[in-house]
């Protein structure tokens, strides 16, 4: 279904379709649009932070507002921009790559999105009532003692959206285990599918730690418990452990899918198979495994003692080995190829030097004694922005340019793509490279102002200029996206000479994806058919009826229920009337579950005859 | 071979150029010019890891640039299909083993340094200072000496001085970049580490853990003086008479106002268990006012009238009787003449 066709049905029907959809491709659109919106919000917050720091002792915003700004920037970018955009890409691409008609649980897929969405809205409502101001890491006791309801919004927002993310992760795991097309063995899966699989495993094991931490924080703040209150026998360090047991794997939840994206893009545009496929898969698994063993390197200065510090330092350094393997395998994929450089490829190529710098500084901060100097300074800010922006954001932008035709049936404009790339790329390095030095020169992070005459003026000024370049790049991309929707060139099924299954079906794909499930004969199945067969996938089954799930509004209503209950939880400390919201919201949510459980919904079938009528 | 070496040289040169252009920061603040044992150990490790990593980066970039130039699609060869290489075991082994070796080169000194800096065996024979972090100031209690200070710490040069740190509220970080790396000041589990300064001087200390609105204004100073000057300072600080009458008449009025308004309910002068607010002993010799402002009468009056304007979120605002400007000036006069010793930052700079 093209966008034009849905518009003909009228705006109301269009909105209703998206509210109730269980189609993984439409849920992907929802993730991308909502995640994109939060990305713009987080970017605006970042710009305000940089404007405040353009000159010493600036008073562009107050200290309180600044702390809200940094907290919201971090929380928004990690949980409500990077994660959902990646989940959106996984939704859009992964089922196509394994030759599936949808994810395993379409209803839960929709529920996962709406929980994330309402969690994000919940967090941002706090801008009107007082936003959280304890940093995105919300260290106790600063978070437990922060006045007002800001931190409560943080807790409830993350709790609601976290549940959605967990569902998304489980859904992808089940999908990849059970719904691969005939012949699509594990070791024939494209790397993006592999990294989706591994990242989903990380979600499964890492998010419960966050959930537990948030519950403890919630009880401390709202129901008078004292898990983190030292005076009453609690311990504030426990929060840091819980947070980082989640928080470090979270970094890999973000970066591994980006690795997968590059591993799909390089072979396509170098016209060469991925170098060392098996090593790439096992490097991914190893990174994920080690990712759970290193959380305390965020806590070298907590005072854990030399034994713990040494062990976590060495474990952290070990991660460099599989990461290095990946970098060299990508380079060798390009080696001997026939490289086309377009927007998608520019972002991918720029990733290599940028991320290598981030990885190198990663080793530097892993050296515990050196970290005593880096810790909580702008050096660390520079390090993780090189990883998250240079890795994840570059990956997302590469993926958007690469899969845009498949997802939306339109091609992004190349000139604007390149303009956005160069301004963002230059701005990124301008902003963050200098921050390595600022940190070592004595600028701690989360500083609302820096003092005059401390040698920090020039660096901060350059950094802010860079932020404006990045802003310009983002705006150009945004314009490009809108332009492609309105006037963009129609995309063919396979615009890039693709190698994987998603390029074997029309752009955008029909809502049932594959008329007949394809037979997979090896890694890069489409490439095999192009070079050894007739260029088309061989069907693995005769044409027959396709079973499809019905749309449902229940996920939206259920998430709305939790959203309303969230306000109840927050305000029951002030007003008894808030219990109406709490119980009312929970009633809506639990009632929706009841309806879903009791009411049979068997879906519907697209008949063979209907499929035959559809042109290829 | 020559081409490779050239590239490596060019790149490391570029790195150094960037360093020189950005400068090394302000002396006695920046970690890049270490002047104490901890900072030096960290800096050695920083240099070692940087060099190893620059070598890796140079190799990656050399291959990257070569690939981009050599293997771009050529005109007239649009239909060229490259050989579909699966992999190469020898190469893959090489880039697994070499990084492991490089990491061992980094890991061994890291572990040695970690244990070295955690050594507390000499603590009982050394000067020990108990540090308490408050939103947004620092309290220092010299163990066994029976006096306390706030914001400024005096220590002797060339000696290990141990800091035992605990927070009274949220987590703070004790960081004097030029002298040593940082350590948490937690509400539980006292943390201990030492500073050994190589040179006399006034060093900037900063709170590096996000602790609230005035986190960025929680600076302190470490004033490193000679052993004799330090001993003189300790002797002077132990002999403070809190009731000493000021010389000027205005300051005498200020002292009366200080008592009338019950300022000493929170602020001790001389040795006292009172530490709700900073101890004001030797206030007139402080390096800064409130950690970041110039210590002068106008600023102090401004502080006394509205501390919130200087330090947002501080605990003094609204917790003392409102003052008029005239009274504030008198109190300022009194506080500024509280100079209980001749050992000051000037002694450190000579």
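Rule-based calculations on the coordinates, nothing more; no lab input. Please read these numbers as outputs of a predicted model, since none were measured by experiment. Glycine gets a Cβ as well: all are built from the backbone with ideal geometry, and neighbour counts include every protein chain shown.
Distance from the alpha carbon centroid of the stretch A:330-350 to that of the stretch B:244-293 works out to 68 angstrom. Classify chain B as rounded, prolate or oblate, taking a ≥ b ≥ c as the square roots of the eigenvalues of its Cα gyration tensor: rounded when a/c is under 1.5, otherwise prolate if a/b is larger than b/c and oblate if not. Prolate. Ordered by the number of other Cβ atoms lying within 10 Å of each residue's own Cβ, fewest first, A:496, A:347, B:137, A:422 fall into the sequence A:422, A:496, B:137, A:347. The mean number of partner chain beta-carbon atoms within 10 angstrom of a residue's beta-carbon across peptide A:339-346 is 2.
Summarised as an ellipsoid, chain A has semi-axes of 38, 31, 23 Å, derived from the eigenvalues of the Cα gyration tensor scaled by 5 and square-rooted, with the largest first. Per-residue Cβ neighbour counts within 10 Å put A:507, A:597 in the sequence A:597, A:507, beginning with the fewest. Averaged over residues, the count of other Cβ atoms within 10 Å places the peptides B:45-53, A:534-542 in the sequence B:45-53, A:534-542, highest first. Just check the stretch B:249-344 against the gyration tensor rule for me: Cα atoms, a ≥ b ≥ c as the square roots of the eigenvalues, rounded for a/c under 1.5, and otherwise prolate or oblate depending on whether a/b exceeds b/c. Note, shape of the stretch B:249-344 comes out rounded. Among A:600, A:152, the order by Cβ neighbours within 10 angstrom, fewest to most, reads A:600, A:152.
Using C-alpha pairs under 8 Å with a sequence gap of at least 6, the mean separation divided by the residue count of chain A gives a relative contact order of 16 percent.
Computed from label points 7 Å out along Cα-Cβ, the spacing between residue A:478 and residue B:78 is 3.7 nm.
Think of it as helices only: each DSSP H run of n ≥ 4 in chain A is worth -39500 (n - 2.57), and spread over all residues that comes to -22000 deg cm²/dmol at 222 nm.
Rounded to a whole number, what is D in µm²/s for the stretch A:272-404 from Stokes-Einstein with the Kirkwood radius over alpha-carbon pairs (20 °C, 1.002 mPa s)? Diffusion coefficient, whole number: 133 µm²/s. Here the mean projected area of the convex hull built on the C-alpha positions of the stretch B:25-117 is 9.9 nm².
Against the longest principal axis of chain A, how steep is helix A:106-129, in degrees 0 to 90 to the nearest 10, with axes from Cα atoms? With both axes taken from Cα atoms, the answer is about 30 degrees.
Shape class of the stretch A:468-570 from the alpha-carbon gyration tensor: oblate, with a/c at 1.5 or above and b/c at least as large as a/b. Helix B:2-22 and the longest principal axis of the Cα set of chain B meet at an angle near 20°. For peptide B:41-53, the mean count of partner chain Cβ atoms within 10 Å of a residue's Cβ comes to 5. Which residue fluctuates the most in chain B, going by a Gaussian network model with Cα springs under 10 Å, if the choices are B:320, B:203, B:134? So, out of B:320, B:203, B:134, the one fluctuating most is B:320. For chain B, the longest principal axis of the C-alpha atoms and the axis of helix B:325-336 are separated by about 80°.
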